[in-house]
Amino acid sequence: MSLPGTIAALSTPPGRGGLSIIRLSGSQARSITESALVFRQPPRWQPWSAQLASVPDEQGHAVDQVVVTFFEAPRSYTAEDVVEISCHGAPVIVRHILERVCRMGARIAGPGEFTLRAYVNGRLDLPQVEAVRDLIDATTLYQARIAAQQVDGSVSRRLAPLKQQLLELIALLEAGIDFAEDDIDVAADAEILRRIEPVLDGIRALQSSFAYGKLVHSGFTLAIVGRPNVGKSSLFNRLLDQDRAIVAEIPGTTRDLVSEHASLEGIPVRFVDTAGVRQGADLVERLGIARSYQAMADADLTVVVLDASAPLEEQDQMLLDRALAQGRHLVAANKCDLPCVAAIPATAVQVSALTGDGLERLRHAIVDSITPAGTMEQESGFITSVRHEGLLVEASEALRHAREALGHGLPHEMLLLDLYATLTPLDALTGATTADDILNRIFSTFCIGK
């Protein structure tokens with residue numbers, strides 16, 4: 001892939017601000033900058049250094065003072081010469097500088113083209129590239145930390161030894177085929193199987209990490225349900241740490257879905273407060289109750305709120321049965337600050353929306369209910385991309401076929417076909433043999449300037 005020319009773009013968010021940064025990358029970055037700006041003294045392009053310059057208008061009058069920073073190839077983000085111009089954040093100034101550098105020979109960068117150049121020039125592999133996008137899009141510090149670890153190569157480091165072992169096995173079998181006429185047995189079936197098993201286990205382990213990685217990347221939806229006046233909305237507000245839903249003693253206060261985004265232990269969560277479920281409601285309330293049932297069906301996890309200070313009613317049991325039938329759910333016994341009267345399930349989390357007692361237990365229980373066992377201990381090296389998960393599934397299936405072929409006594413030539421079929425998706429994951437259409441799909445999601 002060839003990426004000719006020198007590119008330029010605004011790398012800070014568009015709009016008005018204190019400062020803006022315009023970035024150039026390419027072999028002509030320095031000469032274009034010299035032509036577009038006026039330096040107080042002849043520019044000295046020392047790597048990782050900054051110098052002052054002014055921005056002239058068409059008549060040669062200075063309209064801004066800027067700081068120019070230089071990053072010399074290959075020790076830059078793109079592995080090319082990179083110049084960053086830090087100016088005041090007036091849109092008219094930014095537009096004027098971009099127009100000047102483009103007249104001097106640069107062109108406006110496409111979405112993600114700086115990162116694309118970093119990939120093409122070997123500065124980043126494809127998992128690191130996708131982690132850059134995730135880091136930009138992060139909404140919680142935990143997401144940012146995981147993305148930063150992936151930018152640093154955590155997934156690539158976990159995948160590299162598996163790929164190396166696979167290549168060594170392929171080389172061994174290829175050598176055996178080359179020496180077949182000499183009746184030299186390069187590797188017995190038991191030895192081949194011994195080499196296949198750890199690679200297959202490693203690929204499957206990385207593949208299974210997506211169950212947690214998907215939560216970290218995309219979050220989950222939590223529906224809070226219960227009959228009227230059990231404290232659903234109060235609990236909803238407590239979990240959000242804000243008064244988002246109306247709370248009143250009048251039954252049927254919440255008649256529609258109320259949703260808000262927050263995070264639990266760094267995982268993004270969409271909280272949904274629902275209408276109280278009861279019999280004899282009016283038409284509007286019945287519509288709200290229907291939406292409550294739909295929210296339960298759509299949610300990744302349902303929290304059924306019970307009033308521990310009052311006997312369970314028919315609606316309570318009906319909601320418990322529905323939640324149990326639909327899948328993942330959690331029971332919260334609210335009003336634990338009052339004497340307990342209800343026959344609540346033994347697994348219920350006791351909490352008080354009024355005093356906040358048990359709220360941390362509930363938060364931990366929610367995260368424990370939605371995350372796969374043992375995954376919270378993982379600090380890095382798990383995948384968060386649907387593309388990665390699909391490729392790992394493909395690789396593990398091909399390697400499983402290779403193991404089965406070995407058990408059926410098929411020739412090593414046939415076994416090699418499955419091993420190469422395992423290698424292909426691993427190469428696509430790291431970007432060693434990635435098609436241009438996949439690259440275009442990935443980089444089209446990037447912002448211009450990155």
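Please treat every number below as a calculation from the coordinates, not as lab data. These numbers come from a predicted model, not from an experiment. We place every Cβ from the backbone using ideal geometry, glycine too, and count neighbours over all the protein chains shown.
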Check: Once Rh is set to the Kirkwood radius over Cα pairs, what Stokes-Einstein translational diffusion coefficient, in µm²/s, holds for the chain at a temperature of 37 °C and a viscosity of 0.692 mPa s?
Finding: 124
Check: Which ³J(HN,Hα) values, rounded to whole Hz and listed in residue order, are derived for the range 389-395 from phi using the Karplus coefficients 6.51, -1.76 and 1.60 in 6.51 cos²θ - 1.76 cosθ + 1.60 with θ = phi - 60°, glycine and proline given as x?
Finding: 4, x, 5, 5, 4, 4, 5
Next item on the list: State the percent of C-alpha pairs, over all pairs in the range 307-389, separated by a distance greater than 15 angstrom.
Entry: 67
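Could you compute the net charge surrounding Asn121? Neighbours are other residues with a C-beta less than 13 Å from the C-beta of Asn121; K and R count +1, D and E count -1.
Numbers: positive: Arg75, Arg117, Arg123; negative: Glu80, Asp81, Glu113, Asp125.
Summing Lys and Arg as +1 and Asp and Glu as -1 gives -1.
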Next item on the list: Please order Thr274, Thr445, Thr424 by the number of other Cβ within 10 Å, starting at the fewest.
Entry: Thr445, Thr424, Thr274
Checklist line | Within-10-Å neighbourhood charge of His412 [Cβ basis; K, R +1; D, E -1] | finding: -3
Notebook entry, point to check: By DSSP, what percent of the beta bridges with both residues in the chain are antiparallel, rounded to the nearest 5?
Noted result: 65
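What is the order of Val68, Val303, Val258, fewest Cβ neighbours within 10 Å to most?
With the sparsest Cβ surroundings first, the list reads Val258, Val68, Val303.
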Item checked: Ranking of Arg270, Arg75 by count of other Cβ atoms within 10 Å, fewest first -> Arg75, Arg270
Check: If contacts are Cα pairs under 8 angstrom and at least 6 residues apart, what is the relative contact order of the chain in percent?
Finding: 16
Notebook entry, point to check: Peptides 113-119, 206-212, 35-41, 140-146: what's the order by average Cβ count within 10 Å, highest mean first?
Noted result: 113-119, 206-212, 140-146, 35-41
Next item on the list: Specify the residue with the greatest mean-square fluctuation among Asp125, Asp189, Asp137, computed from a Gaussian network of the chain linking alpha-carbon atoms under 10 Å apart.
Entry: Asp189
Note to self: Run the Debye formula on the Cα coordinates of the range 7-123, all scatterers equal and no solvent, and tell me log10 I(q)/I(0) at q = 0.11, 0.23 1/Å.
What the structure shows: -0.32, -1.41
